[in-house]
Structure formats: structure tokens, C-alpha cells
Amino acid sequence: MRALFTALAIAALPTAAMAQTPPPAEIPALHDIAVAPSPERIEADIATLVGFGTRHTLSETESDTRGIGAARRWIHAEFERISAACGGCLEVMYVSDTVTAPASPSLPRWSASSPSSAGPPTRTAMC
């Protein structure tokens, strides 16, 4: 019972503290950022990405019209265009990294090449 009372008292602290804290000042730039993307632009971006057919990480990387490689290059070009429009405000780069998951006794061990091979899965992320 004492533990329950302590837990309830601790849970009530943030509410009491928030009641005494005035709200933060509004930042007009955040409102501008929130309304900047138009529904038409979002729809066009989605349509472009759908047009690559697939963005599966193991899909085509050399084609200029299909797969993850084409999608990655298009996204890179879009961010380069955005950066140019704001005077180089963005650093745009391709990132490639290999991530290896730690072994877990509760998860099955597998590999992309053979379902029966031992070892943790490996993923390559490229943007």
C-alpha cells in the first residue's frame, strides 16, 4: 500500500509543477515551418517515390528509374535543390553504414543468404 501511495504521489508531481509553470513563448518561425509543405507537394513527392516501383533495400541500385538507388539519388537531388535555394543551409551527403544486431537468445538467428546460417542479421542503410 505504501508503494502505491508513493507511486501516486510521484505521478502527481509533474501535474502540480506544470500548473505553476507558464507556457513557453511562441516561436513564429515554427508556425512558418509547420505550414510550409503544401498538400500538393507532399502528394507529388509520394507519387515520385511510388514511381520508382520499389524502395526495398535489396532492390536495384544502378537504374536511374527503378529501385532504391534511383529513389536515393532523387531524394539527394531534392535536398541539394533545397540547400541551393537557402544559400547552402544544408549539408547533403550520401550515408552508407553497416549495422549488425547483437545476438539475442529470444530471436531466431538468420542470414539473408541462408535461413539456417548462424550469426546476427546485417543491414546496410544508404541514404
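Suppose we filter the stretch 80-116 for residues that are among the basic types (Lys, Arg) and modelled with pLDDT of 75 or more; how many remain? Don't jump to the end; show me each part of the working.
So the first thing to find is which residues in the stretch 80-116 are among the basic types (Lys, Arg), and the list is 81, 109.
Those left that are additionally modelled with pLDDT of 75 or more: 81.
Of the residues in that region, 1 qualify.
I need the full set of residues from the stretch 62-79 which are more than 20 Å from residue 33 (Cβ to Cβ) and touching a residue at least 12 places away in the same chain (Cβ under 8 Å), in order please. Reasoning before the result, please.
Narrowing the stretch 62-79 to residues more than 20 Å from residue 33 (Cβ to Cβ): 62-74, 76-77.
Passing the criteria: 65, 66, 67, 68, 70, 71, 72, 74, 76.
Quick one: count up the residues across the stretch 43-73 that are within 22 Å of residue 98 (Cα to Cα) and not hydroxyl-bearing (Ser, Thr, Tyr).
Residues that pass the stated criteria total 12.
Just give me the residues in the stretch 70-95 being among the hydrophobic types (A, V, I, L, M, F, W, C) and farther than 13 Å from residue 48 by Cβ, in sequence order.
If the condition is that a residue be among the hydrophobic types (A, V, I, L, M, F, W, C) and farther than 13 Å from residue 48 by Cβ, then 79, 82, 84, 85, 86, 89, 90, 92, 93, 95 are the ones that fit.
The values are calculated or read from the model by the stated rules, or taken from the named source; none is laboratory data. Remember, it's a predicted structure, so these values are computed and weren't measured experimentally. Please note: Cβ atoms are built from the backbone with ideal geometry, for glycine as well, and neighbour counts cover all protein chains shown.
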